[in-house]
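Undergrad: My questions all concern the structure below.
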Amino acid sequence: MMTLYKKPHCCIKLDQNTNIGAVRVRIRSQVAAVDHQRSAQAGRPPPPPPEMPVYRTIGSCACKVPKDKKILIMNFSEEHAVFYAMAFNTAGFDCHVCPNYTIQQYSETGLRYTHPDCCLGVTLIIGSWLCALRTPEFPPDKTDVMWIHMGTACTAPRMAWFARDALDKAGFTKVGVHSIDCSATTNPGFTIQQSLRINMGLTLGDALTQCVQRTRPYELVPGSVNKLRDQWFQRASEHVKHGYVLGFSSFLHLLVHDFDTIPLRTEVHDKPRVGLVGLMCKV
């Protein structure tokens with residue numbers, strides 16, 4: 001009926017989803033379409049689009065990261081974020097992993113301040129930062145946040161701007177936002193040695209996570225994988241802090257070899273493998 005009478009309209013599906021960002025986008029588009037149609041009928045030029053807010057400069061390299069402030073990074077997983085923070089601290093920074101909160105705290109805080117176009121992973125990460133900044137451990141005037149991304153074409157290049165917008169809305173205007181591309185060999189402000197150590201920490205966290213998840217569901221002796229994981233977590237922590245970068249390949253082979261020798265049940269080869277792909281975020 002609306003199409004028959006050439007009336008602009010939009011379709012909104014109401015469900016149990018608590019994120020009303022998509023509804024806001026459709027309503028804004030509908031209002032803009034109505035204004036454009038009225039201007040065309042009256043012979044007036046269409047109204048100009050709203051001006052985009054101008055945010056403070058966001059640091060994209062390590063040379064802009066102040067070493068006298070705490071740097072808060074998101075909690076990738078039990079291994080990734082800890083190794084990454086250790087590697088940054090060896091470069092002279094005061095890097096901290098975001099404390100653990102419940103998914104409800106992440107989502108409720110993130111949905112209140114994030115841009116409606118953000119995905120779930122970005123919403124949870126920003127929510128964790130905002131929860132941490134409200135604690136005495138991370139005072140806003142002495143804390144910055146760092147977004148570590150892989151340089152993909154998703155929200156990685158724009159995540160820092162989403163975070164800046166959310167921090168300003170929440171009242172944390174003094175908190176700086178920094179972005180580091182860990183897929184690059186080097187980042188401005190880091191030496192080659194520091195960049196290699198940071199990438200080494202990320203690789204160790206990824207390798208340890210994969211080894212644990214590959215063997216723990218099929219362990220023959222309950223608790224053996226977790227015990228070996230704790231041992232290698234301590235060894236990997238020392239290697240990230242003080243180990244030689246050139247000996248990293250041998251160290252990685254030893255890690256994989258120890259997990260390969262764990263006794264597993266025979267049905268490990270009979271079950272199909274399922275891979276989950278998504279944003280690096282502890283969910």
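The values are calculated or read from the model by the stated rules, or taken from the named source; none is laboratory data. Worth saying up front: this structure is predicted, and the values here are computed from it rather than measured. Reconstructed Cβ throughout: ideal geometry from the backbone, glycine too, with neighbour counts over all protein chains shown. All accessible areas refer to the heavy atoms of the entire protein, side chains included, with ligands and DNA or RNA removed. Shrake-Rupley method; radii C 1.70, N 1.55, O 1.52, S 1.80 Å.
Undergrad: Determine the sum of side-chain charges near LYS70: Lys and Arg each +1, Asp and Glu each -1, restricted to other residues whose C-beta is under 11 angstrom from that of LYS70.
TA: -2
Undergrad: Another question about this same structure. When only the heavy atoms of the protein chains count and the probe is 1.4 Å, how do ASP144, ASP258 rank by accessible area, highest first?
TA: ASP258, ASP144
Undergrad: Take the Cα coordinates of the stretch 190-250, assign each an equal point scatterer, and use the Debye formula without solvent to give log10 I(q)/I(0) at q = 0.12, 0.18, 0.19, 0.20 Å⁻¹.
TA: Listed by q, the Debye log ratios stand at -0.35, -0.67, -0.72, -0.77.
Undergrad: Related question: Here are some pairs, LYS69/LYS241; LYS67/LYS169; LYS67/LYS142; LYS69/LYS174; which of them have Cα atoms lying more than 19 Å apart in this structure?
TA: LYS69/LYS241; LYS67/LYS169
Undergrad: As a test of reading the structure, rank THR114, THR3, THR173 by solvent-accessible area (1.4 Å probe, protein chains only), most first.
TA: Correct descending sequence by accessible area is THR3, THR173, THR114.
Undergrad: Express the accessible area of the stretch 92-132 per residue in Å², computed with a 1.4 Å probe while the remaining protein chains stay in the model.
TA: In whole numbers, the stretch 92-132 has 39 Å² accessible per residue.
Undergrad: So how much slack lies between LYS174 and THR102, counting 0.36 nm per residue of separation and subtracting their Cα-Cα distance, in nm?
TA: 23.3 nm
Undergrad: For the pair HIS36/LEU254, report the inter-label distance in nm, with labels modelled 7 Å from Cα in the Cβ direction.
TA: 6.3 nm
Undergrad: Between GLU238 and THR203, 0.36 nm times their residue separation minus their Cα-Cα distance comes to what?
TA: 11.1 nm
Undergrad: Work out from phi, with θ = phi - 60° and the Karplus expression 6.51 cos²θ - 1.76 cosθ + 1.60, the ³J(HN,Hα) of each residue of the stretch 207-221, listed in order in whole Hz, and give x for Gly and Pro.
TA: The phi angles translate into 5, 5, 5, 5, 5, 5, 5, 6, 10, 4, x, 10, 5, 7, 9 Hz.
Undergrad: Let me ask something else about it. Over the heavy atoms of VAL274, what accessible area does a 1.4 Å probe trace out, to the nearest 10 Å²?
TA: Surface accessible to solvent at VAL274 totals approximately 130 Å².
Undergrad: State, to one decimal in nm, how far the label point of ASP68 lies from the label point of LYS142, with both points 7 Å from Cα in the Cβ direction.
TA: Between ASP68 and LYS142, the simple spin-label model gives 1.2 nm.
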